[in-house]
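The values are calculated or read from the model by the stated rules, or taken from the named source; none is laboratory data. Nothing here was measured: the structure is a model prediction, and the numbers come from that model. Glycine gets a Cβ as well: all are built from the backbone with ideal geometry, and neighbour counts include every protein chain shown. Just so you know, the surface numbers come from the protein's heavy atoms only, side chains and all, with ligands and any DNA or RNA stripped out. Shrake-Rupley method; radii C 1.70, N 1.55, O 1.52, S 1.80 Å.
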Amino acid sequence: MQKEFTIGIEEEYLLVDKDSLALADTPEGLMEDCRKDLGDQVSPEMLLCQIEVGSKPCTNVAEARDDLRHLRSTIAKHAAKHNLAPIAVSCHPFSDWKNQEITHKERYAKIESELENVARRMLSCGMHVHVGIEGDDLRIDLMPQFAYFLPHLLALSASSPYWQGEDTGLASYRLAVMESMPRTGLPPLLHSWGEYERSTQALIDLDIIPDQSKIWWDLRPSTHYPTLESRICDVQPRLSHALGLAGLTQSLARFLLRLRDNNLRWREYDRFLIEENRWRAQRYGVNETLIDFGGPTLKPFDQMFEEIIGLIAEDAEALGCLDEVCALRDVVKQGTSADRQRKVWAKAPEGKGGEAVVRHLIEEYHADL
C-alpha cells in the first residue's frame, strides 16, 4: 500500500454585510489583502459574493486544521475591514440569486454565455476533498467503489435547507442547484484511465469543454493533481466538522486500497441504487434511513455510520484522524447544520428567521478559530 494519503481541502464561502446580513460583493481591496497573506490559496468564485480557498497538500488532518484555520481567520480579518463577514454555508438563507453579479473574468463570462440562467443561478458553495492516490488507473478503479459512500458524506454535510427565504424541505438544496449544470451527479462507471480519457477527450475535441476541469461529477480524478476529488459535500459552518469529513474521506480511500492489497474490493453497486440513497441524503440528511444494499434493508443513519466507523477505524487511526472522524457522531446525534439552522429560524421573531440564521452562521464560522 502507498505510504501517504495526502489531503487537500477546498472551501467556498459567502460574504455578507454585517448590518443587513444580505449577500455582498467582494471589494477589490479585500481580494488584494487576502492575496498578500494567502497567495494563490485564495481566489474569486463564479459570483462576486463568493470567495474560494484551498489548503496546501497536507499529510494529515492535523496539518489541514492549521492551514484551514489560517485561511478562514485571514478571510474573516480582512472582510471585517469592509464591514463584511464570511459564512461557510452552501446556500444563503434569504438573498436572491437574481441580485448577484458574475465575477469579471473571462472564464466565468464564458460559462455564463454557455449556460445562461443556469450559471447565474449558481448561488451555492461546496467543499471538495482531494486524496492523493498514486496512479491514474488506480484512481479510476477506486471511483465506483467509493461512490457507494458518497450519500453518507452528503448526509453528514447537509447545510443548505433554505433558498431565497423559503424552507425547501431538503437538507441540501445545493445539490438541486448543482444538478441544473451539465456533467454533474454521480460519476459514470469507468473501467480504465484510457476509457476516461477517451470519453472526456471527445468533448474536448468537439470544443464543448476546454478541458476536464469542466467535468463536475460528485467524484472525479482531479485535473491538476494526482488525487481523487470528492465534491459531494456541502461546505461546513464549523471547522471541526469540515475536518471530520475530510478525515472520513481520506480514511475511506485508504480502506479501499487496503482491501485491494488483500485481493478484495468493495462491491460496485448500480448507479440507480446509489442515486436513491443520494436523494434520501439530500432530502433528510442524517434524520432518516438509508438503504443497506447488502440486505437489502433500510437502516437508521446512526447505525450505518457506526458500521462505517467499524470499517475504517484501522485506517483512520493509521492516518491520525480517528478522533476527528468519531467526533462526527455529534452531527449524527445532534443534527447537521441544516437542522441547526431550522432550530434557529423557528425560535426567531416572525419575519426575522433569515437574519437570525445568518447571525448563527457567522458565530459558527468563528467557533473553532
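If r is the Cβ-Cβ distance from D302 to E268 and R0 is 30 Å, what FRET efficiency results, to the nearest 0.05? Efficiency, from the Cβ-Cβ distance: 0.70. Treating r as the C-beta distance of S240 and I102 and R0 as 25 Å, the FRET efficiency rounds to 0.15. Among the listed options (i) 167; (ii) 143; (iii) 127, the one matching volume of the Cα convex hull per residue in Å³ as calculated from these coordinates is (iii). A helix-only calculation puts the chain at -14500 deg cm²/dmol for mean residue ellipticity at 222 nm, using -39500 (n - 2.57) for each DSSP H run of at least four residues, averaged over all residues. Here the gap between K110 and A327, fully extended at 0.36 nm per residue and compared with their Cα-Cα distance, gives a gain of 73.9 nm. Summary: within the chain, the longest segment free of GluC sites (Glu not before Pro) located in DSSP loops with at most 15 other C-beta atoms within 10 Å is 5-100. Between H241, H130, H82, the GNM of the chain built on Cα springs shorter than 10 angstrom shows H82 fluctuating the most. Length gained on full extension, E275 to R69, computed as 0.36 nm times the residue gap minus the Cα-Cα distance: 70.8 nm. For region 121-260, just say rounded, prolate or oblate: build the C-alpha gyration tensor, square-root its eigenvalues into a ≥ b ≥ c, call rounded for a/c under 1.5, and beyond that prolate if a/b exceeds b/c, oblate if not. In terms of gyration-tensor shape, oblate.
Quick one: length gained pulling S192 to I209 fully straight, 0.36 nm per residue minus the C-alpha distance?
Stretched out fully, the S192 to I209 stretch lengthens by 4.0 nm.
For the residues K333, K81, a 1.4 Å probe over the protein chains yields an accessible-area ranking, largest first, of K333, K81. Just so you know, the Cα atoms of region 64-147 work out to an Rg and Dmax of 17.7, 48 Å.
Cα gyration tensor of region 247-369, axes a ≥ b ≥ c as square roots of the eigenvalues: rounded (a/c below 1.5), prolate (a/b > b/c) or oblate? It comes out oblate by the Cα gyration axes.
Shape class for region 283-343: oblate, because the ratio a/c of the largest to smallest gyration tensor axis (alpha-carbon atoms, square roots of eigenvalues) is 1.5 or more and b/c is at least a/b.
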